[in-house]
Amino acid sequence: MPSKKSTRLIHGARPEKRKKSLVNPPVARGSTILFDDPKNVYAKTVGKTYGRLGHETHELLEEALKELEGGDFCYLTPNGLSACSLAMLASAKAGDHVLITDSAYGPTRRFAEETLPRYGITSEFFEPADDNIEALFRENTSLIYLETPGSLTLEIQDIKAIAEAAKAQGVTVIVDNTWAASIALNPITLGADIVVQALTKYVMGHSDGFGGAVITKGVSHKQKVYELGRNMGLALAPEEAYSALRGLRTLSTRYAESGASALKLAKWMQKCEEVKSVWHPALNSHPQHDLWKRDFEGSGGLFSVIMQPEFEPKVGDFLSALKFFGLGFSYGGFESLCIHCDPQLERHFTPDLGGPLIRFYCGLEDADDLIADVEQALDAVI
Ligand SMILES: *Cc1c(COP(=O)(O)O)cnc(C)c1O
């Protein structure tokens, strides 16, 4: 395998190269798999006997993702949220205590808060930048759930230190790696046990589908994730598996382009007087910038900006004045997006922002056009 991710993404996980074969595997649709011999119907050695968990496209996608993350098993799910909930539920049982970063993606938090307790699992949220999470470990703590950088507020967590402490107590470390898209960060190589990712975002890359993946390291995590996923019937649809595999081929180029534009816009916004602060881990001003530099290889298209408090009544008009930034949730697609985040920020440890929080996602438009767009929208409201 070549050492660079971009080359591996192009040449890895491909159907066997044959003369006159297609470059991409076809979308394989099918529930029933026909047998050649009645003796084989219940044989353990014949491989797949039913299509629920997918065919060749799925297998190639799993292979690519586990290779990219340094894991040894990948389970595909219908969307990102089901990857998060599957990983959590597979790693805890009744009577357990689980720790979750307060900056985790909203619906993941909701699952931990509303659903886990119904199965006898206690969830506790921690301050995302807490550097002594060990102190929160209890006798019955079974998992710690990280998301770095955190959704909306982009706090960076020290996966290495947390994984070391967790290992000593047999605590499973799960990391939501959607922001880094397996490109800028590989948590398993830093000691995490399980990585989850919303393929919906960068991997699919065109805002036109849903998918999720749980990538694990080690036999026991594989066993638990596989068993629960299979027993719950979680599976990715064939068309979505195809879109995700196709998206992977261009992922590193798209990620780099979107990341470069975001950094350029973030730096430009640092100089705007309407802006109080810019939260982007690749900027020196980010509180955990050193940690980002140590662990990450690059940054993506998503960052947040705190506007001056006087800007609060103008947020709606500003968002409406933008021409290239669509108003909507999600990120990782080809087009830029922007959203006002304050209504989403109801947390256990709500950060003191001192101004409205706006999240930007830079897509694949030219960076200067994006900057000009933000400039004209600011001019229009001030
Ligand atoms: C979007 C997102 C998810 C959920 O993905 P869906 O495919 O929308 O269910 C999970 N985690 C993070 C960090 C996300 O941004």
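Looking only at region 45-60, filter to residues that are in a helix (DSSP H, G or I) and either more than 20 Å from Thr200 (Cα to Cα) or open to solvent by 20 Å² or more (accessible area, probe 1.4 Å) (or both); which one of those is nearest to the ligand (Cβ to nearest atom)? Steps first, please.
The initial filter retains those residues of region 45-60 that are in a helix (DSSP H, G or I), namely 56-60.
Still in the running and either more than 20 Å from Thr200 (Cα to Cα) or open to solvent by 20 Å² or more (accessible area, probe 1.4 Å) (or both): 56, 59.
Details: Glu56: 23, Glu59: 21 Å.
The qualifying residue nearest to the ligand (Cβ to nearest atom) is Glu59.
Just name the residue that is most open to solvent (accessible area, probe 1.4 Å) out of those in region 279-301 that are touching a helix residue (DSSP H, G or I) at 6+ places or on another chain (Cβ under 8 Å) and polar (S, T, N, Q). Even if it seems obvious, please write down each step before you answer.
Taking region 279-301 as the starting set, the residues that turn out to be touching a helix residue (DSSP H, G or I) at 6+ places or on another chain (Cβ under 8 Å) are 280-283, 285-286, 295, 298-301.
Checking the rest, the ones that are also polar (S, T, N, Q) come to 285, 299.
Values: Ser285: 73, Ser299: 16 Å².
Checked region 279-301; the qualifying residue most open to solvent (accessible area, probe 1.4 Å) is Ser285.
If you check Pro107, Pro187, Pro117, which single one turns out to be in contact (Cβ under 8 Å) with a residue 12 or more places away in the chain and surrounded by fewer than 21 Cβ atoms within 10 Å (Cβ to Cβ)? Break it down stepwise before answering.
Working: Pro187 fails: surrounded by fewer than 21 Cβ atoms within 10 Å (Cβ to Cβ); Pro117 fails: in contact (Cβ under 8 Å) with a residue 12 or more places away in the chain.
Residue meeting the stated conditions: Pro107.
Could you tell me which residue of region 316-340 is nearest to the chain's Cα centre (by Cα), considering only residues that are surrounded by 17 or more Cβ atoms within 10 Å (Cβ to Cβ) and more than 23 Å from Ala256 (Cβ to Cβ)?
Here the answer is Ile339.
Taking region 345-382, which residues are loosely packed, with under 15 Cβ neighbours inside 10 Å and modelled with pLDDT under 95? Outline the logic, then answer.
First, the residues of region 345-382 that are loosely packed, with under 15 Cβ neighbours inside 10 Å: 345-346, 348-350, 352, 354, 366, 368-369, 372, 375-376, 379-380, 382.
Those that are loosely packed, with under 15 Cβ neighbours inside 10 Å and modelled with pLDDT under 95: Leu345, Glu346, His348, Phe349, Thr350, Asp352, Gly354, Ile382.
I'd like to check something: does region 209-220 contain any residue that is farther than 24 Å from Glu335 by Cβ, at pLDDT 95 or above, open to solvent by less than 10 Å² (accessible area, probe 1.4 Å) and touching a His at 6+ places or on another chain (Cβ under 7 Å)?
Let us first name the residues in region 209-220 that are farther than 24 Å from Glu335 by Cβ, namely 214-220.
Next cut, at pLDDT 95 or above only: 214-220.
Narrowing the set further to residues that are open to solvent by less than 10 Å² (accessible area, probe 1.4 Å) leaves 214-216.
From what is left, the residues that are touching a His at 6+ places or on another chain (Cβ under 7 Å) are none.
No - not one qualifying residue is present in region 209-220.
Would you tally the residues in region 310-333 being within 16 Å of the ligand (Cβ to nearest atom) and touching a residue at least 24 places away in the same chain (Cβ under 8 Å)? Walk me through how you get there before you give the answer.
Pass one, region 310-333, residues within 16 Å of the ligand (Cβ to nearest atom): 326, 328-333.
Adding the requirement that they be touching a residue at least 24 places away in the same chain (Cβ under 8 Å) leaves 330-333.
Final tally of qualifying residues: 4.
If you go through region 211-251, how many residues are part of a helix (DSSP H, G or I) and β-branched (Val, Ile, Thr)?
Quick first cut of region 211-251, residues part of a helix (DSSP H, G or I) only: 219-232, 238-251.
Subsequent filtering for residues that are β-branched (Val, Ile, Thr) retains 219, 225, 250.
Of the residues in that region, 3 qualify.
Among the candidates Val27, Val23, which residue alone is under 30 Å from Asn177 (Cβ atoms) and either open to solvent by 80 Å² or more (accessible area, probe 1.4 Å) or within 24 Å of the chain's Cα centre (by Cα) (or both)? Don't jump to the end; show me each part of the working.
On the way: Val27 fails: either open to solvent by 80 Å² or more (accessible area, probe 1.4 Å) or within 24 Å of the chain's Cα centre (by Cα) (or both).
Exactly one residue qualifies, and that residue is Val23.
Filter region 226-248 down to the residues that are out of contact with any helix residue (DSSP H, G or I) (no Cβ under 6 Å at 6 or more places or on another chain) and within 30 Å of Ala367 (Cα to Cα), then identify the one that is least open to solvent (accessible area, probe 1.4 Å). Quick ask: steps written out before the conclusion?
Start the filter on region 226-248 by keeping residues that are out of contact with any helix residue (DSSP H, G or I) (no Cβ under 6 Å at 6 or more places or on another chain), which leaves 226-227, 230-233, 235-240, 243, 246-247.
Then drop every residue that is not within 30 Å of Ala367 (Cα to Cα), which leaves 240, 243, 246-247.
Details: Glu240: 45, Ser243: 31, Arg246: 138, Gly247: 4 Å².
Filtering first and then ranking leaves Gly247.
Six or more apart or on different chains, Cβ under 8 Å: which pairs go from a residue in region 247-259 that's closer than 11 Å to Gly300 by Cα to one that's open to solvent by 60 Å² or more (accessible area, probe 1.4 Å)? Could you list them?
The qualifying pairs are Arg254/Phe334; Arg254/Leu364; Glu257/Leu364; Ser258/Leu364.
The values are calculated or read from the model by the stated rules, or taken from the named source; none is laboratory data. In this text the structure is predicted, and so the values were computed from the model without any measurement. Counting neighbours? That spans all protein chains shown, and the Cβs are built from the backbone with ideal geometry, glycine included. The protein model used for the area step is the full one, side chains on, heavy atoms only, and it has no ligands, DNA or RNA in it. Shrake-Rupley method; radii C 1.70, N 1.55, O 1.52, S 1.80 Å.
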